[in-house]
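Here the structure is laid out as structure tokens; the discussion comes afterwards.
The values are calculated or read from the model by the stated rules, or taken from the named source; none is laboratory data. Here the structure is a predicted model, which is why all the values come from computation and not from measurement. Virtual Cβ from ideal backbone geometry, glycine too; neighbours counted across all protein chains shown. Areas reflect the complete protein model, heavy atoms only, side chains present, ligands, DNA and RNA absent. Shrake-Rupley method; radii C 1.70, N 1.55, O 1.52, S 1.80 Å.
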Amino acid sequence: MEIRAASVLPARREPIELHTGDGLTLVGELAQPLDRPPVATLVTLHPLPTHGGFMDSHVYKKAANRLPALADLAVLRFNTRGTSSDRGTSEGAFDGGEGERFDVAAALEYAEFHDLPHVWVVGWSFGTELTLKWAHDPLVEGAILLSPPLHRATDADLDAWARFGRPLVALVPEFDDYLRPEEARGRFARVPQAEVIGVDGAKHLWVGEPYVRIALNEIVKRVNPVAWPLPTEV
């Protein structure tokens with residue numbers, strides 16, 4: 001069977017709640033391999049909620065639908081404060097990336113408390129800003145950025161990640177609305193361990209199955225390389 005955009009492969013999927021240090025409850029979902037423990041974990045940070053981003057943003061939904069079965073990964077998705085999806089609405093209100101520091105911490109604490117292995121953070125657009133600002137936690141083994149705008153995240157945040165020393169991979173669409181590959185290479189040059197990958201033909205929202213496959217393959221290549229490349233049929 002060919003894996004298509006709407007394919008949902010077998011996994012253990014459970015609703016979860018995250019509890020922030022400033023007293024909010026956030027809603028989410030954890031997807032894990034059906035009959036074995038995960039070998040690594042993706043903590044996902046979604047695009048800007050004021051522009052339609054949420055835990056079900058399509059690349060993350062497809063990651064949860066496929067990667068537990070295809071790559072033995074756990075995929076943790078959640079709505080940041082004030083964000084709604086079919087799963088429900090997280091308490092609080094959007095705070096421009098500042099109060100969301102508590103949301104990132106709550107997701108990482110959940111992963112640690114539940115013994116989820118080898119945690120990598122995957123940020124997309126606004127989620128990349130949260131990653132660069134707030135995810136340099138000892139639990140985190142590395143981060144992957146999809147369409148980083150480098151708008152809220154400053155050079156000081158890049159310098160902090162450079163000092164953190166963990167791997168950083170930026171997937172930058174050729175036709176991104178905010179930051180394109182050549183400029184991205186210049187901005188990320190201050191992070192010695194950063195790798196910038198330009199994705200030909202892609203746009204900021206990664207619309208189209210070919211681009212989703214590229215994104216998921218690049219994630220798996222770093223997080224569980226023995227499962228790379230991902231199959232296109234099951």
Give me the percent relative contact order of the chain, please, defined on Cα pairs under 8 angstrom at least 6 residues apart.
18 percent
With a ≥ b ≥ c from the Cα gyration tensor eigenvalues, square-rooted, and the rule rounded for a/c under 1.5, otherwise prolate when a/b > b/c and oblate otherwise, the range 131-234 is oblate
Classify the range 47-159: rounded, prolate or oblate, from the alpha-carbon gyration tensor (a ≥ b ≥ c, eigenvalue square roots; a/c under 1.5 rounded; otherwise prolate if a/b is larger than b/c)?
rounded
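What ranking of His151, His58 comes out by heavy-atom accessible area, probe 1.4 Å, highest first?
Heavy-atom accessible area, descending, gives His151, His58.
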Long-range amide H partners of Leu45 with built H, under 5 Å
Val122, Gly123, Trp124
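At a 1.4 Å probe radius, carbon and sulfur cover how many percent of the accessible area of the chain?
The value for the chain is 53 percent carbon and sulfur by accessible area.
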Overall Cα dimensions of the chain, principal axis frame, Å, largest first
43, 42, 31
For the chain, dividing by residue count, accessible area per residue (probe 1.4 Å) in Å² works out to 42 Å²
For Asn217 and Asp177, calculate 0.36 nm times their separation in residues minus their Cα-Cα distance, and state this gained length in nm to one decimal.
12.1 nm
Which ³J(HN,Hα) values in Hz, rounded to whole numbers, follow from the phi angles of the range 9-22 under the Karplus curve 6.51 cos²θ - 1.76 cosθ + 1.60, where θ = phi - 60° and Gly and Pro get x?
8, x, 6, 8, 10, 9, x, 10, 10, 10, 10, 8, x, 9
With θ set to phi - 60° and the Karplus curve 6.51 cos²θ - 1.76 cosθ + 1.60, what are the ³J(HN,Hα) couplings of the range 31-36 in order, to the nearest whole Hz, using x for Gly and Pro?
10, 9, x, 5, 9, 7
Nothing charged except the Cβ atoms of Lys and Arg (+1) and of Asp and Glu (-1): what's the magnitude of the dipole of the chain about its Cα centre? Round to the nearest 20 debye.
420 debye
The FRET efficiency for Thr154 and Gln193, from their Cβ-Cβ distance with R0 = 22 Å and rounded to 0.05, is 0.75
So for the chain: antiparallel DSSP bridges make up what percent, rounded to the nearest 5?
35 percent
For the range 72-87, take each phi angle, set θ = phi - 60°, evaluate the Karplus expression 6.51 cos²θ - 1.76 cosθ + 1.60, and give the result in whole Hz per residue in order, putting x for glycine and proline.
6, 9, 8, 10, 9, 10, 7, 8, 5, 3, x, 9, 10, 7, 4, 5
Long-range amide H partners of Arg12, meaning residues 5 or more apart or on another chain whose placed amide H is closer than 5 Å, are Gln32, Leu34
